[in-house]
Every structure is written in C-alpha cells, then in structure tokens.
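First up is the structure itself, then whatever we jot down about it.
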Amino acid sequence: MLLSAVVLKWLGHACFLITLINGTRIVTDPFNPKIGYPSPSVLAHVATVSHEHFDHNNVGVLKGQPQVLRQAGDPGIKGVRFRWIATSHDASGGRERGKNAALVIEDHGLAICHLGDLGHVLSPAQVKAIGRVDALLIPVGGVYAIGPREADRVVRQLKPKVAIPMHYKTPALALDLESVKAFTEGKADVVYAKTDTYSVSRKTLPKETRIVVLKPPR
C-alpha cells in the first residue's frame, strides 16, 4: 500500500528518517549519541552518509542492516532515484574539513535534497546538478558547515518549496552552533512545527519557499 506523501522525521542534527511513498525507510547521516541527542537507532532499509565524520556516519546504530550509500551508489528502489552532487565541507575546496556530498532523492515526482555538511555557497554547476527541489534539508548553524547568511543564499539559489533547517544549536546538542533563530529572523513565511515530522506531497506544497522548523528531539 502506497503512502500519500513522503514523510520526513527529524532525529536530530543532520539525521532524518525519510519514509518514501512505497514505505522504504531511509536514514540520512546517523550521528554518534555523544553529541547529545538520543541514539537514532531506528529501522532503516537504506542509510546515507554525506561525509565521514562521527556525527554523520554512525550507521552501525541503525536497525535492519540497511544498505549503506557513502557519497555514491543507488539502492535500486523501483520508482526512486538517488543522485549525489560533490560539494565541500568548507569554503576552501575541502582543504580544511574534506569533501561533502549533497543527496537528491526523487520519489513519485517529489525531490528531496539533503545537503549534509555543506560548507559553502553553491556554484552554478552545482545548482544545475541539484535541479528542482521540493524539500530542502539545510544546515544553518555555522562553525562546521554554512551559517545563517550562507544558508539564506543557498535557499535563494535552489528555490525549494519547503526549507527545513538542520545542524543548529538546540538545548540537547553538545556542539556549539548558532541557533535556528539566526536563520529565520526577519523572514516572512516561517512555520514552527509542533512535531518532529513533516509530510511532503504535491498537493500541499506552497507556491513560494516556506521555512519549516521541526521540533528538536530532547
């Protein structure tokens, strides 16, 4: 039985449980619980890793022996396309923190983009490679990835229907990042969700970019 939407559940930091319309469960960038959030030990069919840092590559904590995609590969799910776009973890071409990969998941006409620990504003070639985005999962907390100003520019570059901030300071997070308010301040269409989950469907997407701040785990 098919679902009516792609469901995004924020597990903390850059980790999301993405449930596709056919029920396939994808977990992005699972973290080591040393960062402060509860362990993301959920059932997954596929795990994706944008880069090999301990707060993004803890695939061993996941249940179900998922197929792991590390900046490459396609699990061959019928009707679903995975695309990786090479980026850097810093603004120096990766010389400071190494490489990063953005991931685009296309499912039943919906495009979900997870930027990992993107460390720079995108080039025109990267914007073209990413293409149309319905839901953008974007770091906004700075320090180890782009901060509020760069994130604002990336949102304007990609023009997603929905932008969901991630990788920012919350009460549970032990890392010293900026808060989400530094990114949302002054913006018109911002929704602070009462839950950690957001459903993406063609019927409910806004016409212009809406920022949806999900409730962080404790």
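When the residues of segment 23-35 are narrowed to those that are touching a Ser or Thr at 6+ places or on another chain (Cβ under 8 Å) and on the phi < 0 side of the Ramachandran plot, which ends up surrounded by the fewest Cβ atoms within 10 Å (Cβ to Cβ)?
PRO33
Just to be sure before I move on: is ARG81 closer than 22 Å to ILE164 by Cβ, basic (Lys, Arg) and surrounded by fewer than 21 Cβ atoms within 10 Å (Cβ to Cβ) in the structure I sent? Taking the combined requirement at face value, the residue satisfies it.
In summary, VAL127 fulfils each of the numbered conditions (1) more than 19 Å from LYS9 (Cα to Cα); (2) touching a residue at least 60 places away in the same chain (Cβ under 8 Å); (3) in contact with a helix residue (DSSP H, G or I) (Cβ under 7 Å, 6 or more places away or on another chain) with the single exception of condition (2).
Taken together, the residues in segment 118-144 that are modelled with pLDDT under 95 and aliphatic (A, V, I, L, M) amount to 1. Beta carbons closer than 8 Å, at least 6 apart along the sequence or on distinct chains, never pair a first residue in segment 137-163 that is at negative phi with a second that is of a type in the set (Asp, Glu) and assigned to a helix (DSSP H, G or I).
Residues checked against (1) surrounded by 19 or more Cβ atoms within 10 Å (Cβ to Cβ); (2) more than 13 Å from the chain's Cα centre (by Cα); (3) more than 24 Å from ILE146 (Cα to Cα):
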| site | (1), (2), (3) |
| --- | --- |
| SER4 | no, yes, yes |
| LEU17 | yes, no, no |
| ILE21 | yes, yes, yes |
| TYR37 | yes, yes, no |
| SER41 | no, yes, yes |
| VAL46 | yes, yes, yes |
| LEU69 | yes, yes, no |
| SER88 | yes, yes, no |
| GLY109 | no, yes, yes |
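Select from segment 2-60 the residues that are aliphatic (A, V, I, L, M) and outside any strand (DSSP E or B) and list them in ascending order. Those that are aliphatic (A, V, I, L, M) and outside any strand (DSSP E or B): LEU2, LEU3, ALA5, ALA14, LEU20, ILE21, ILE35, VAL42, ALA44, VAL59. What do you reckon, is ARG202 of a type in the set (D, E, K, R), surrounded by fewer than 17 Cβ atoms within 10 Å (Cβ to Cβ), under 28 Å from LYS128 (Cα atoms) and in contact (Cβ under 8 Å) with a residue 60 or more places away in the chain? Here the answer is yes, as ARG202 does meet what is asked. Tallying residues that are small (Gly, Ala, Ser) and surrounded by fewer than 16 Cβ atoms within 10 Å (Cβ to Cβ) within segment 142-176 yields 2. Within segment 89-133, being charged (D, E, K, R) and out of contact with any Ser or Thr (no Cβ under 9 Å at 6 or more places or on another chain) holds for ASP90, GLU106, LYS128, ARG132.
Which one of these is over 26 Å from PRO171 (Cβ atoms) and aliphatic (A, V, I, L, M): VAL42, VAL49?
Sole residue among the options that is over 26 Å from PRO171 (Cβ atoms) and aliphatic (A, V, I, L, M): VAL49.
The values are calculated or read from the model by the stated rules, or taken from the named source; none is laboratory data. Note that this is a predicted model, so its numbers are computed, not measured. Cβ sites come from the backbone with ideal geometry, for glycine too, and all protein chains shown count toward neighbours.
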